[in-house]
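One structure is given below, encoded as structure tokens.
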Amino acid sequence: MVDDPRTPPTGLPVRVGGAVGDDLERPSSARVYDFLLGGTSHGEVDRGLGRDLIDAEPLVVPIVRENRSFLRRAVTLLAREGIDQFLDLGSGIPTMGNTHEVARRVRPDARVAYVDVDPVAVAHGELLLGHTDGVSVSQADLRRPAEILDAPAVTAVLDLARPVGLLLFSVLQHVPDTDEAHTVVDEYLSRLVPGSALAVSHLSADDPRVDAAALRRVSHAYPRGPVTPRSAAELARIVAGVELVDPGLVFAAQWRPEPPRPGSPNGEPCCGHRAAVGFVRAR
Ligand SMILES: C[S@@+](CC[C@H](N)C(=O)[O-])C[C@H]1O[C@@H](n2cnc3c(N)ncnc32)[C@H](O)[C@@H]1O
């Protein structure tokens, strides 16, 4: 990890041949996000877009860090509540502090199916996690719930007859149609047994601290199209299928914050994503 993502990292950009080679020529959300987090799995084209995002909205670095911190707090809570299997959709590049590491601090037997649409993120995941028991990494578009839930990479790791933690961290803003985002989440939830859980974070359209329109404008450079930040009302609809735990749908930094660690460099809690965690109740 490097402290300032504007500093070129010392690690080499990923080199993956064959089918995913072309994807390295264009920026990807997974690699730009890795750059913003201070990782090393990105190329010049990703760093270029990452710098453009920072120029457009300098809070983008604290925004992604806060999202990562929410992932840790949400997965820890779910593991403490007894969830020991997770479906992590739009999981990105599995850098430090990923879902199975967090969950296994509480439940060493936790199982995780990582799914991402980006072939380079998946190639990274396979390299890093391919031999980790109880973990799978596969490529799919989260907008196809039935395909994902029946895919061998997922069914090999998850038992859908038992509660599952469905994780959607900073990914639904890549689904442009709000009705579709809502329907897709409900379709997953309808396949999960009571006691399952949903954890979501999502880029906000109506956080007065953040220029979401600027982030959307710059993100037109993504080959799959720009991000779609959403309002609190739109997000409330997307998470309506679960019973939210306190404090409900709030900015990520307000969701069960931890006391600041002495000497923590993170400064003020930031902004940008709204977040929520809830459980599927008996139908
Ligand atoms: C901002 S990153 C978030 C990564 C990770 N969830 C986290 O919070 O650390 C968004 C990720 O969603 C993935 N993604 C975007 N659209 C997707 C889709 N339709 N299906 C699956 N993954 C998608 C991107 O490839 C990228 O890895």
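The values are calculated or read from the model by the stated rules, or taken from the named source; none is laboratory data. Computed from a predicted model, the values in this text were never measured in an experiment. Cβ: placed from backbone, ideal geometry, glycine included. Neighbour counts: every protein chain shown.
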Would you please list the contacts, defined by Cβ atoms under 7 Å and residues six or more apart or on different chains, that run from a residue in segment 113-128 that is in the same structural domain as residue 147 (by TED's automatic domain parsing) and under 15 Å from residue 40 (Cα atoms) to a residue that is assigned to a helix (DSSP H, G or I) and more than 6 Å from the ligand (Cβ to nearest atom)? 120/20; 120/23; 120/24; 120/31; 123/20
Mind checking whether some residue in segment 215-225 is surrounded by 15 or more Cβ atoms within 10 Å (Cβ to Cβ), in a helix (DSSP H, G or I), under 18 Å from the mean Cα position of the chain (by Cα) and of a type in the set (D, E, K, R)? yes
Quick check on residue 46: is it assigned by TED's automatic domain parsing to the domain that holds residue 172, among the acidic types (Asp, Glu) and more than 11 Å from the ligand (Cβ to nearest atom)? no
Could you tell me which residue of segment 172-184 is nearest to residue 60 (Cα to Cα), considering only residues that are buried (at least 24 other Cβ atoms within 10 Å of the Cβ) and touching a strand residue (DSSP E or B) at 6+ places or on another chain (Cβ under 7 Å)? 173
All conditions in (1) surrounded by 13 or more Cβ atoms within 10 Å (Cβ to Cβ); (2) more than 14 Å from the ligand (Cβ to nearest atom); (3) at pLDDT 95 or above; (4) not in a loop (DSSP other than H, G, I, E, B) are true of residue 160 except (4)
